[in-house]
Structure formats: structure tokens, C-alpha cells
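The values are calculated or read from the model by the stated rules, or taken from the named source; none is laboratory data. As the structure is a prediction and not an experimental result, all values here were calculated from the model. Reconstructed Cβ throughout: ideal geometry from the backbone, glycine too, with neighbour counts over all protein chains shown.
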Amino acid sequence: MTSPLRALTVDLGETFPLGDLADAITEPSALCWIRRGEGHLGFGESARYTVTGPDRFIEAEAWWKQLTLDADVIDPLQHPGTGPLAFGSFAFSRTSQYESRLVVPEIVVGIRDGRAWATQLTTDGTAPSERALRAAVDHWLEPRPSGVANGSHLTIRSGRLGEQRWMEAVASGVRHIRSGELEKLVLARDVVVEDDGGISRDRVLRRLASAYRDCWVYGVDGLVGATPEMLIQVEGRTAQARVLAGTLDRRDADGAGPGYAERVLAGSAKQRHEHQIAIESLTTALEPFSEALNAHDEPFILELPNVFHLASDVKAELAEIEGHVPTPLALVNALHPTAAVCGTPTRVAGELLRELEELDRGPYAGPVGWLDGAGNGEFGIALRGAVLEGTTAARLYAGCGIVDGSVPQAELAESWAKFRPMLEALGVER
């Protein structure tokens, strides 16, 4: 790529024809970041950067800075997400073979606080124009047939470890914790859903956005899902995160009366301990970048269609470091992986989970989201998701926090509760 990045943003006003951005997901390859009907959709591709290894965040940040340094930008709105924008998905592990990536679309359509806009991005030497941009928006938002139909056979099969072997891994993790090697371990497992009629990626994303409006629905290439956990959100000098640790299946709470989830989660020493570890993991990593840092004194109950979580929100005012506010990817590099998705101590937990899980997580539990050219961005943790493998299969992942007192059968049941959003989006009833 020899031509500089050019970006033109146009205000679409408050009369966006579809109202809810999720309704605009009719293109199977659309890049997606949506919560409560707002966010960003990306169409086409202007540029892409891929990287593997321990320095993946820093190398991707350097590429993005270079790409946007000399960019020709016309952006009358200048709010988070307008102007140059890239969607990103990163491997969980520094040892993963999965290619972490930043993808710059040709067209971005966004909604923020009820107001819509669109951005055209070019790297081929052509200059964006408002006429071409509006025509492209009309094209990408046209309703189009799915191209696939529900098959006659929809099956679930075990992934790397079957249920019994995974429960044995949980028991092994508990023994390591009781021996004093670590405090917490987050063990993941995978299952594969196959649909002989083909899997409609756009339909999966629309279903997730409809059912899980309080989650961040993401789609970057084959990675799709709806995460309830925000690793880091940066707007100007303000950073925010949402930490989850402690889970109760909603089906276990049916008919138990009001306040049951709070009694079970907030009243459980095991759940509170797991949650406190996750909070301390994040705040310890964020503190060096912050002038002020605030977290909830008491976690709250986050109610989702499939589970209840113990949740805490963390907010920080970012400090200038060497004259610059840290970028979203610089913060991601410092924060990932948190205890909520790996364990603590991180190095010990990471080595042990690779041994016990016997799988490459790929992008599961890695950062996923977007960043713009002005230093704003949102990166959630790729949970409640799947990686589409070909046209007829999806590999689903779920993880559970293991601490002293964890029971393998209970953790297995929790993993199925966490699979539920993707199973339902794929049309599986379980």
C-alpha cells in the first residue's frame, strides 16, 4: 500500500432508515460492534494488518499510528468512532497460531446517541466523495437474501476435550490451587455445532443483538459473539472497564423469588473471592496509567438472558505518559489477560491452562473491538462467542473460573449456561 489513508465522514442525522443498527446487518461479511442498537458496522475492506506473537498489540498499534499519521481526514463530527476506524480481533495467547488483526473497512456506518453517520475510507489513491459515500451506504444497507437455510441436521459434538475429561481437568486445577501454586484458574472448553444447511453469519449476529442488547455484539471475520465484559473503553482521557466474575444460571433461579441471585452470588464467599481477584487484577494493571481510579465498593448483579453475574465497573482518568495519553491498544497490552479470563498469578495460570485445556483458544477470551484515529476505542473480551469454520460449522468456547471449592459438575453446568447465547443464535435448543 503506497497511497495514504483518506477518510470522509458525513452526518446522516436522526433519520437513519433502520433505527436499530442491528437491522442493517444483512451483509454476511459485515464487521460489527453493536450495543443497544448503536455502535459501528463496517463493509468492504481498505486495509488489513495481521500479526502473531507476544508483541501483537504493540505491533498493531505501531501499524495503526503509521497509517493514520499522514491520513487526509475530513470529519466535521469529530466524536468517538468518526474519521479513520479499524475493527480488531486479537489472540488470547502470545503462543497462539491465530492471526491477530486490524481491519479497516471501506465504509463505516455508525449510530451514537440516536444520531447516525457514515465514513468512507480509501487507501488506493481515490478521494472519498459524499456522493459516492451515500451511494455506498444505500448499497450496503439494501435488504439481501441470507444465501443459506436451516439444514435438516443440526448437531453438537465435543471439541478438544469431552465432558468427562474436562471435569477431570477442573479437578486437577483445584488440586493445583490447594497446593498453593495459584489462587484462580479459568478453564475453557469447546464444542462444535454443525448445520448441514449452512450457517448464516448475519442472522447469527442479528439474533445476538436482539436477545442480548446489554452485551457488546461483535463480528470480525469468522469471530462472532455477544460479550458482557468490557476490557477497556477509552474516550478522550477517560477509561472504563466492566469486570465479571461469579455466575448463576438463570434456570437455577427460576421460581426462587426476588433477591435470589444476589443472595447466591453476593452472599457466596467463593463467588466474592473469585470476583475480588478479577477486580484486583485489572486495577493493578490500570493504575500506572491513571491519575485517578475508582471501582465499585460493592459489586452489582448483572442480569442477562442466560445468566446472572457479579459485576463491577471501573473508571479511570488517564495520565499523560511522555506527553501522550495511552492508546486503547497500549492499555490492552497492559491489561490482557486479566484474572477473569486466565487466572492469578497470570504466568502460572497461563502455563497450567495450556496444559489442562489441550487447545489453542485462538481469539476466544482475547480482546475484540475497535479504535479510531483520535485515540478512542472499545475492546471487549471475546466471550459468549464462536469461530465459524467453513460454511457449516461453528466452534463455541466457554470458560469457568476455578478456585478452591469449585466442583467439576457445577462448573460443567456453568459452561453450558455460557454456551447458551451462541447455541440459541445458531438455532440449537438445549
Residue check for Ala266: in contact with a Pro (Cβ under 6 Å, 6 or more places away or on another chain) and more than 30 Å from Gly323 (Cα to Cα): no
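From the list Gly225, Gly197, Gly173, which residue is assigned to a strand (DSSP E or B) and either under 26 Å from Leu352 (Cα atoms) or of a type in the set (Gly, Ala, Ser) (or both)? Even if it seems obvious, please write down each step before you answer.
Numbers: Gly197 fails: assigned to a strand (DSSP E or B); Gly173 fails: assigned to a strand (DSSP E or B).
Selected residue: Gly225, the only one of Gly225, Gly197, Gly173 that is assigned to a strand (DSSP E or B) and either under 26 Å from Leu352 (Cα atoms) or of a type in the set (Gly, Ala, Ser) (or both).
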Could you check segment 204-254 and list, in sequence order, the residues that are buried (at least 22 other Cβ atoms within 10 Å of the Cβ) and among the small types (Gly, Ala, Ser)? Ala209, Gly219, Gly225, Ala226, Ala239, Ala241, Ala245, Gly246
Counted residues, segment 275-330 - those being over 30 Å from Ala374 (Cβ atoms) and charged (D, E, K, R): 4
Inspect segment 313-324 for any residue being modelled with pLDDT under 85 and at positive phi and give the result as yes or no. yes
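Condition check ((1) part of a helix (DSSP H, G or I); (2) loosely packed, with under 13 Cβ neighbours inside 10 Å; (3) modelled with pLDDT under 80) across all residues:
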{"site": "Ala256", "(1), (2), (3)": "no, yes, yes"}
{"site": "Val264", "(1), (2), (3)": "yes, no, no"}
{"site": "Gln271", "(1), (2), (3)": "yes, no, no"}
{"site": "His275", "(1), (2), (3)": "yes, no, no"}
{"site": "Leu282", "(1), (2), (3)": "yes, no, no"}
{"site": "Leu286", "(1), (2), (3)": "yes, no, no"}
{"site": "Ala292", "(1), (2), (3)": "no, yes, no"}
{"site": "Asp297", "(1), (2), (3)": "no, yes, yes"}
{"site": "Leu302", "(1), (2), (3)": "no, no, no"}
Any residue that is under 18 Å from Leu161 (Cα atoms), in contact with a strand residue (DSSP E or B) (Cβ under 9 Å, 6 or more places away or on another chain) and not in a loop (DSSP other than H, G, I, E, B) - is there at least one of those in segment 334-347? no
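Kindly indicate whether Pro328 is in contact with a Ser or Thr (Cβ under 9 Å, 6 or more places away or on another chain), under 25 Å from Tyr49 (Cβ atoms), at pLDDT 95 or above and not acidic (Asp, Glu). Give the steps one after another, and end with the answer.
Details: in contact with a Ser or Thr (Cβ under 9 Å, 6 or more places away or on another chain): no; under 25 Å from Tyr49 (Cβ atoms): yes; at pLDDT 95 or above: yes; not acidic (Asp, Glu): yes.
No, not satisfied.
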When only residues in segment 230-254 that are in a loop (DSSP other than H, G, I, E, B) and out of contact with any strand residue (DSSP E or B) (no Cβ under 6 Å at 6 or more places or on another chain) count, which is modelled with the lowest pLDDT? Asp254
Using the structure shown, decide if Ala365 is in a loop (DSSP other than H, G, I, E, B) and under 19 Å from Tyr98 (Cβ atoms). yes
So Arg395, is it under 17 Å from the mean Cα position of the chain (by Cα), touching a residue at least 24 places away in the same chain (Cβ under 8 Å) and surrounded by fewer than 21 Cβ atoms within 10 Å (Cβ to Cβ): yes
Those residues of segment 160-189 which are buried (at least 22 other Cβ atoms within 10 Å of the Cβ), under 24 Å from the mean Cα position of the chain (by Cα) and of a type outside the set (A, V, I, L, M, F, W, C), in sequence order: Lys184, Arg189
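Which members of segment 372-396 meet the condition of being part of a strand (DSSP E or B) and over 29 Å from Lys315 (Cβ atoms)?
Narrowing segment 372-396 to residues part of a strand (DSSP E or B): 372, 377-381, 385-389, 393-396.
Ala386, Val387, Leu388, Glu389, Ala393, Ala394, Arg395, Leu396, listed by residue number.
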Specify the residue that is nearest to the chain's Cα centre (by Cα); the eligible residues are those in segment 108-128 that are loosely packed, with under 13 Cβ neighbours inside 10 Å, of a type outside the set (Asp, Glu) and within 21 Å of Asp372 (Cβ to Cβ). Gly114
Matching residues, segment 30-84, being in contact with a Phe, Trp or Tyr (Cβ under 8 Å, 6 or more places away or on another chain), of a type in the set (Val, Ile, Thr) and either buried (at least 19 other Cβ atoms within 10 Å of the Cβ) or within 19 Å of Thr122 (Cα to Cα) (or both): Ile34, Thr82
